[in-house]
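Notes follow once the structure below has been shown.
The values are calculated or read from the model by the stated rules, or taken from the named source; none is laboratory data. Predicted model only: the values in this text are computed from it and were never measured. Note that we place each Cβ from the backbone using ideal geometry, even for glycine, and neighbour counts take in every protein chain shown. For accessibility, only protein heavy atoms count, side chains too; no ligands or nucleic acids. Shrake-Rupley method; radii C 1.70, N 1.55, O 1.52, S 1.80 Å.
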Amino acid sequence: MVLPRTAAVASRALTRGLATATPSAASSGHHKVLVVGAGTGGITVAAQLARAFKAEGRELAEGDIAVVDPAEWHHYQPGWTLVGSGLADKQSLRRPAASLVPEGVAHVPLGVKSFAPNSNTITTSEGTTLSYDYLVVAPGLSTNWGAVSGLQDALVQQDSGVSSIYAYDTADKTWRDVQKLSEGKAIFTQPAGIIKCAGAPQKVMWMAHSTWKNANVRDAIQLSFATGAPTMFGVPKYSKALERLRVERDVEGLFEHNLVSVDAKRKAATFKRPDGTTIEREFDLLHVTPPQGPLEFVKNSPLADAAGWVSVDPATTQHTKFANVFSLGDASSMPNSKTAAAITSQAPVLVHNLRAAMDGKKSRAAYDGYASCPLLTGHNELMLCEFKYGGVPKETFAPVFGSQDVPRRAFYHLKKDFFPVVYWNNFVKGTWFGPSGPIRPTFD
């Protein structure tokens with residue numbers, strides 16, 4: 001089977017290497033701060049660190065901070081929902097990865113093979129050993145396309161009706177499939193377990209619903225949401241609101257139904273239920289969210305917890321065993337939603353506590369679990385779900401607009417028009433700090 005190149009973009013980011021490191025990285029195998037991963041978490045931390053030291057007038061030599069990642073492209077992945085909904089062009093949502101590495105920060109375009117925290121070293125995919133004083137682990141997670149039998153073959157068949165916004169190459173296939181469907185059965189899936197942006201599977205479903213309604217074909221389409229979870233969303237307040245929408249909009253809810261196989265030829269999907277039984281459903285359109293989990297080189301390392309994530313204190317982002325190791329984003333064990341919005345609040349905490357450790361001071365910054373899911377519910381409407389640890393709502397705009405479990409047009413334009421611009425101009429440049437926007441939080 002051929003893995004779609006979209007999936008390969010994500011998986012190869014830390015599983016294969018390019019030929020050489022940059023000259024500055026190659027000339028020195030030791031770095032004061034070594035950041036594994038040049039995705040949202042890694043680049044943001046590198047940028048915020050560099051800016052913080054510069055603001056204090058503290059000199060950093062070329063390569064004191066280094067980012068290790070072989071990926072050719074950096075993708076604004078939250079935008080793939082927009083691509084799958086016909087609201088954005090996917091080429092506009094990526095940049096050459098090397099172009100985002102901050103000035104003065106070394107770029108080592110290699111994959112990572114293993115960690116040796118007892119000796120403060122990592123080994124790259126090409127056998128190079130890099131040492132560090134402090135390590136930040138932010139390689140993301142693994143998208144397991146092969147976990148659903150028949151899925152990889154179905155994704156590369158243009159007429160299969162099977163697509164996914166969780167990969168660069170198939171995000172626009174989702175939109176083509178939605179446009180083509182005028183009658184029949186449409187199923188949108190979400191697997192059991194941890195995934196990045198747990199609201200995305202239904203964002204694209206609600207946008208498809210809206211597209212079909214606007215085209216006057218919605219009544220001819222049987223729409224189903226098949227999720228491995230027992231509810232619509234992990235935060236009770238928003239789950240109740242989304243359940244009301246599901247019922248009002250005549251969307252079949254297949255709860256605790258986990259997709260296990262796809263037969264593209266027969267256009268049949270098989271789901272497994274908690275009691276071990278399976279059920280087969282026919283489809284004309286099938287949007288799949290693949291199972292996800294920790295990357296193997298993280299899972300099999302001394303840094304991992306029992307589940308395979310980098311084991312960190314959920315408040316300080318510092319490793320539970322190795323005091324000079326920190327982690328954020330999808331790879332970390334922090335029990336919050338794995339979203340870019342979460343990173344906006346995690347990064348300043350991590351940077352503050354890492355710098356405190358470098359200066360021999362106590363960590364004072366604490367992350368409260370803040371995450372946000374800008375959940376598209378149709379054209380010109382979006383439910384802005386914001387919450388912290390424990391599923392407790394933490395709503396930025398409630399004093400102005402009222403409760404955020406109500407879809408609003410203003411929030412729709414935040415997702416569609418504002419956030420992509422902020423991402424490229426501020427977020428990855430280290431000048432965006434979550435709900436506080438461009439104002440850096442203070443912790444002392």
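Bridgeable aspartates and glutamates around Lys388 (alpha carbons under 18 Å apart, same-chain partners fewer than 8 residues away excluded): Asp313, Asp330, Asp368, Asp405. Of the accessible area of segment 294-399, computed with a 1.4 Å probe over protein heavy atoms only, carbon and sulfur atoms account for 51 percent. Classify segment 138-268 as rounded, prolate or oblate from the Cα gyration tensor: take a ≥ b ≥ c as the square roots of its eigenvalues, call it rounded if a/c is under 1.5, otherwise prolate when a/b beats b/c and oblate if not. Oblate.
Compute the distance from the alpha-carbon center of segment 142-190 to that of segment 233-277, in whole Å. Between the Cα centre of segment 142-190 and that of segment 233-277, the gap is 16 Å. Take every pair of alpha-carbon atoms less than 8 Å apart whose residues are at least six positions apart; their mean separation over the length of the chain yields a relative contact order of 17 percent. Computed over all pairs of different Cα atoms, the Kirkwood value for the hydrodynamic radius of the chain is 22.3 Å. Protection proxy ranking, highest mean first, for peptides 386-396, 294-304: 294-304, 386-396, where packing is the per-residue count of other beta-carbon atoms within 10 Å, averaged. Would you please classify the overall shape of segment 224-372 from the alpha carbon gyration tensor, given that a ≥ b ≥ c denote the square roots of the eigenvalues, rounded means a/c under 1.5, and beyond that prolate means a/b larger than b/c while oblate covers the rest? Here segment 224-372 falls in the prolate category. Computed over segment 99-247, relative contact order equals 13 percent, with contacts defined as Cα pairs under 8 Å that lie 6+ residues apart. Highest mean first, the peptides 257-264, 397-404 sorted by other C-beta atoms within 10 Å per residue fall in the order 257-264, 397-404.
Using a probe radius of 1.4 Å on heavy atoms only, what accessible surface per residue do you get for the chain? Whole Å² is fine.
40 Å²
A cut-off under 15 angstrom between Cβ atoms defines the neighbours of Ala66, and their net charge, with Lys, Arg +1 and Asp, Glu -1, is -4. For the listed peptides 330-337, 309-316, a ranking on the average number of other beta carbons within 10 Å per residue, highest first, reads 330-337, 309-316.
Can you tell me what share of the DSSP beta bridges in segment 255-412 is antiparallel? A percent to the nearest 5 is fine.
So the antiparallel bridges amount to about 95 percent of the total.
List the cysteines of the chain that have no other Cys Cβ closer than 4.7 Å: which are they? Singleton cysteines: Cys197. Considering only Val136, Val251, Val162, the Gaussian network model of the chain with Cα springs below 10 Å gives its largest mean-square fluctuation to Val251.
In this structure Thr344 has an accessible area near 10 Å², from a 1.4 Å probe over the protein heavy atoms. Near Leu100, once Lys and Arg are set to +1 and Asp and Glu to -1 for all other residues with Cβ below 15 Å from its Cβ, the sum equals +1.
Solvent-accessible area of segment 28-76 (1.4 angstrom probe, protein heavy atoms only): carbon and sulfur portion equals 48 percent. Cross-link partners of Lys32 among lysines, defined as those whose alpha carbon lies under 26 angstrom from its own and excluding same-chain residues fewer than eight positions apart: Lys54, Lys113, Lys299, Lys321, Lys361, Lys362, Lys429. Membrane-span-like helices in the chain (whole DSSP H runs, Cα extent of at least 27 Å along the helix axis, mean Kyte-Doolittle hydropathy of at least 1.6): none found.
Bridging of Lys265 to aspartates and glutamates at a Cα separation below 19 Å is possible for Asp153, Asp159, Asp177, Glu183, Glu280, Glu282, Asp284, once same-chain residues fewer than 8 apart are set aside. Projecting the Cα atoms of Tyr132, Ser224, Ala154 onto the dipole axis of segment 98-246, where Lys and Arg carry +1 and Asp and Glu carry -1 at the beta carbon, places Ser224 farthest toward the positive end.
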